[in-house]
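Data first, discussion second: the structure below is written as structure tokens.
The values are calculated or read from the model by the stated rules, or taken from the named source; none is laboratory data. Small disclaimer: the values here were computed from a predicted structure and weren't measured. Note that we place each Cβ from the backbone using ideal geometry, even for glycine, and neighbour counts take in every protein chain shown.
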Amino acid sequence: MVSSVILVPALLNGLMTGAVYALVALGLTLIYGVLHIINFAHGALLTAALFAAFFANKLLGIDPYVAALFLAPLFFGIGYALQRFVIGPAAHGEDRNILLVTLGLAVMIENALLYAFRADTRTINLSYAFDVVEIGNSFLAVPRVVAFGVVVAIAALLWFAMRWTDTGKAIRAVAKEKLGAELSGINVAHIYAVTFGLGTACLAVTACLLIPTYYINPHAGNAFVLIAFTIVVLGGMGSVAGAMLGGLFVGVVESFSGLYLGESLGQIGIFVMFILVLLFRPSGLFGERA
Amino acid sequence: MKGLAPIATVAVLLALVPFITASNAVLNFLVMAFLIALAGQGWNILGGYGGQYSFGHAAFFGTGTYVTAVLQVRYGMNAWLCFALGIAGGALVGAVIGGLSFRSGLRGSYFALVTLAFAEVLRIVASVAPITGAGVGTLIKLDLRPEAFQFQSRAPFYWVLLALLVVSLILTRIIEDSRFGAYLVALRENEDAAKALGVDTTLVKLGAMTISAAITAAAGGFYAQYFLFVDAGIAYGPWISVEALLAPIIGGVGTVFGPLLGALVIRTLGELTKIVAGDAPGLDLVIYGSVLVAVVAFAPRGIAGLIERVRGRLTPPAAPSLERSHG
Amino acid sequence: MAEPLLQVENVSKHFGGLRAVDGASLAAEQGRITVVIGPNGAGKTTLFAMITGFLRPTSGSIRYDSVDITGEPPHRLARRGIARTFQIVQPFPALTVRENIAVGSHLRHAKRADALAAASATGEAVGLGGQLDKPASALTVAGRKRLELARALAIGPRLLLLDEVLAGLNPSEVRDMVPVIRGIAARGVTILMIEHVMQAVMSLAETVYVLSEGRIIAQGRPQAIASDRLVVEAYLGRGAAAQMTEEAVHA
């Protein structure tokens, strides 16, 4: 028996990490739920957001948590424009084309960052990066606790907005019955773009929560996105609650497996879990056919 | 058989290149382009004709490379035999991944995702497993004899690769003109309708994936012999998954010559980038990504489609049909 | 009497709590035209999907040619000689009309050239002779319906299931199509069809089944069915039926 002295902190740390995963997954699942596309550019956009948060701090001296306040709207705009003016028109309404366009965007963004900033890995130094708080018998890093709180708040906010605002209602209408929504006067192209923007804004916030304790390089986003894919598939494509619970679950699983296995093996574990879930959870997950 | 004449013409013309120029730069360029064309032809069989878009053809390319290299280095087997086994190994990996995915009914985005994940798993395994040389990679010993699938000069390499490419073109043409090919295209166009007409769609997809994987694995095996070095990033890296898909999509998806055309275009773009911007990492891929988006947006049927459109404009349109469809 | 070519026995399909088809039984006699009618949402298409292997019945059995075929996948049923058309036409849009039909012909012809030749013949038989080289996506609604039919015929079926092949056609197109269907039956192909166009039902059907809310509520010759009170109720609602009967009594 391993004592609770190790297990409880592992559990709490897993929940903290899982919350960040959940936010990446939230963006992905939101886009899937409404547009019914898998956004292969999600990882590259997260990397772009990490760079934005990094330079906001390095060049302008803005604290990442403050930067989130303007990076989120900025990335909302970027996401909105990408969907409205690039992905939507380029895809000609064909799923296979959407796949290719988001893949093309991913390759472009990731390599543009590589070209501009080389493969170097960077970090920023913040006075509070190594502060800890004591919860029960566990010491937790302050930035991770903040991240957890922010993610929970965003999820609640999003849930509320989906239920009570006109745009939220329109998004749900489009997700459920695109044609019907179109006939009742909803501008579907606009709603698609808003949803894509929201998903991208989630990435900007994620980046600002990650940067105090994480490193960045032009491939940094990819690690998260694969995990996010796993979570989204696990929690059910398009399900917001599924993304949250799935994120926390994967965070805890990773934290525990990190205790017993090495990092490299842990990485394979995520992939294997991902493949198994894809292969062996059929109609429930893929209720609607692609 | 119809359609073999253009392939023969292209084969003869390309075979003459080493007699016209001995420039290593030219041959090198063409070897890389043919390599991508070959890998892309593999992708094209499954993606272009069958409509199943794989984002992980690196899984097959890498298996071809590693089997060819590792069997020689570790077990001292003949290079040509290793190359053949590499192709078989790639086909096997294709059959396994295809069997698992298609039996579970994965298609569209899900199929793209699961192939991507398989390629990544193989990359990580190859980067830690001792038999592949782990992080260091595997070096094939220099042994410049044709029996060892190594040559003194580039020209024989070029001809071997050209031969492989021509075989893949002929194979594609044969598939186009076969029942298997008709079924493959039918399931791309409408899977339920194909089923209703007696097509065992799972089996046809599986067959396409196995052939597709074998062709891409052949490109991988050749890569090992040409460069005599393999590591996980080269063999199973995303670069080859992306280029194998780019070539047919740019050239003309679901056409015999699409992958070759597309490979020549992307490699030319790559070289031009190098000339203009120097050896800047990433810039060529930025251009590839933009070209991919642009092709999907403006020329969904690739260069082959554009050529057809131009040709249609040059030749007078057929006399309008007199028969008006009722309704 | 010989066993019918197709025998559906007590078949049900439940989606969650919804009973789309609820204990339906019917038979299609060799060489005859049998029609299933019923109001929208009665479960007709679900019933067809079960017979052709696209859906597995929750319970019940389906026998074809004296063999239990319940739950067999569509491609295997096609090889046994069961062909179907789709209510919403499902062409292969990028292929020409001839190539579309050839996908079906390939079931009996391994060689491409043979399959294409057979496809041309089938296409001509259903009146698509002049449009064989057009892309399927360029056909009119009527043309697409004929293409559905041609493709299904191309597999050389013994049993042909037609899901509303006449829906969406104008009266003159319907008049063109009826003899085509009758011709197919005359060549010995057993036909089971779902149809809404009553004029065609009355002229084609030898036996009619009425499906309502997942159950077979009536069966018989078309004239008998048309005057069946249950059937009228199913279509028009109870009140209307009662009123009609009343009017009939008073008249």
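Would it be correct to say that residue B:272 is modelled with pLDDT of 90 or more, in a helix (DSSP H, G or I), surrounded by fewer than 21 Cβ atoms within 10 Å (Cβ to Cβ) and not aromatic (Phe, Trp, Tyr)? So that I can check it myself, show each step before the final result.
Numbers: modelled with pLDDT of 90 or more: yes; in a helix (DSSP H, G or I): yes; surrounded by fewer than 21 Cβ atoms within 10 Å (Cβ to Cβ): yes; not aromatic (Phe, Trp, Tyr): yes.
Answer is yes for this residue.
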Residue ranges of helices (runs of 4 or more DSSP H) in the range B:142-252 with at least 2 members surrounded by fewer than 20 Cβ atoms within 10 Å (Cβ to Cβ), more than 14 Å from chain C (Cβ to nearest Cβ) and under 16 Å from the mean Cα position of the chain (by Cα): B:154-176
Given (1) under 27 Å from residue C:196 (Cβ atoms); (2) among the hydrophobic types (A, V, I, L, M, F, W, C); (3) within 14 Å of another protein chain (Cβ to nearest Cβ), number of the condition residue C:47 does not satisfy: (3)
Residues within the range B:289-325 that are on the phi < 0 side of the Ramachandran plot and modelled with pLDDT of 65 or more, tallied: 25
Search result, residues across the range A:94-147 that are aromatic (Phe, Trp, Tyr) and in contact (Cβ under 8 Å) with a residue 12 or more places away in the chain: A:117, A:128, A:139
Members of the range C:16-57 that are surrounded by fewer than 21 Cβ atoms within 10 Å (Cβ to Cβ) and assigned to a strand (DSSP E or B): C:18, C:19, C:22, C:23, C:25, C:26, C:27
Checklist (1) surrounded by fewer than 19 Cβ atoms within 10 Å (Cβ to Cβ); (2) closer than 18 Å to residue B:59 by Cβ; (3) within 14 Å of chain A (Cβ to nearest Cβ) applied to residue B:105, failing item: (2)
Tally, over the range A:43-68, of residues that are without any contact (Cβ under 8 Å) to a residue 40 or more places away in the chain and under 11 Å from residue A:217 (Cα atoms): 0
Subset of the range B:219-234 (residues that are among the small types (Gly, Ala, Ser) and more than 13 Å from residue B:79 (Cα to Cα)): B:219, B:220, B:232, B:233
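Could you name every one of the helices (runs of 4 or more DSSP H) located completely within the range A:1-115 that has at least 1 residues being closer than 23 Å to residue B:114 by Cα and touching a helix residue (DSSP H, G or I) at 6+ places or on another chain (Cβ under 8 Å)? Write out each step before concluding.
Values: elements: A:4-35, A:42-60, A:64-81, A:88-91.
Here the list reads A:4-35, A:42-60, A:88-91.
If you take the residues in the range C:91-108 that are facing chain B (nearest Cβ under 8 Å) and either surrounded by 24 or more Cβ atoms within 10 Å (Cβ to Cβ) or of a type in the set (Lys, Arg) (or both), which one is farthest from residue C:139 (Cα to Cα)? Spell out how you get there, then give the answer.
Keep residues of the range C:91-108 that are facing chain B (nearest Cβ under 8 Å), which gives C:91-95, C:99, C:102-104, C:106-107.
Retained after the next criterion (residues that are either surrounded by 24 or more Cβ atoms within 10 Å (Cβ to Cβ) or of a type in the set (Lys, Arg) (or both)): C:92, C:102-104, C:106.
On the way: C:92: 12, C:102: 17, C:103: 18, C:104: 18, C:106: 22 Å.
The selected residue is C:106.
Report whether or not residue C:85 is touching an Asp or Glu at 6+ places or on another chain (Cβ under 7 Å), within 9 Å of another protein chain (Cβ to nearest Cβ) and within 23 Å of residue C:188 (Cβ to Cβ).
Details: touching an Asp or Glu at 6+ places or on another chain (Cβ under 7 Å): yes; within 9 Å of another protein chain (Cβ to nearest Cβ): yes; within 23 Å of residue C:188 (Cβ to Cβ): yes.
Yes; evaluated as a whole, the condition is true for this residue.
So for the range A:99-117 (the condition being on the phi > 0 side of the Ramachandran plot and within 14 Å of chain B (Cβ to nearest Cβ)), does at least one residue qualify? Steps first, answer last, please.
Residues of the range A:99-117 on the phi > 0 side of the Ramachandran plot: none.
No: zero hits.
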Test: residue in the range C:130-144 that is within 20 Å of residue C:86 (Cα to Cα), at pLDDT below 90 and among the charged types (D, E, K, R): no
Any chance residue C:68 is out of contact with any Leu (no Cβ under 9 Å at 6 or more places or on another chain), among the charged types (D, E, K, R), within 14 Å of another protein chain (Cβ to nearest Cβ) and surrounded by fewer than 24 Cβ atoms within 10 Å (Cβ to Cβ): no
Filter result (crowded, with 22+ Cβ neighbours inside 10 Å, assigned to a helix (DSSP H, G or I) and more than 10 Å from chain B (Cβ to nearest Cβ)) within the range C:147-176: C:147, C:149, C:150, C:153
Matching helices (runs of 4 or more DSSP H) fully within the range A:155-246 where at least 3 residues are within 13 Å of the chain's Cα centre (by Cα): A:188-210, A:220-235
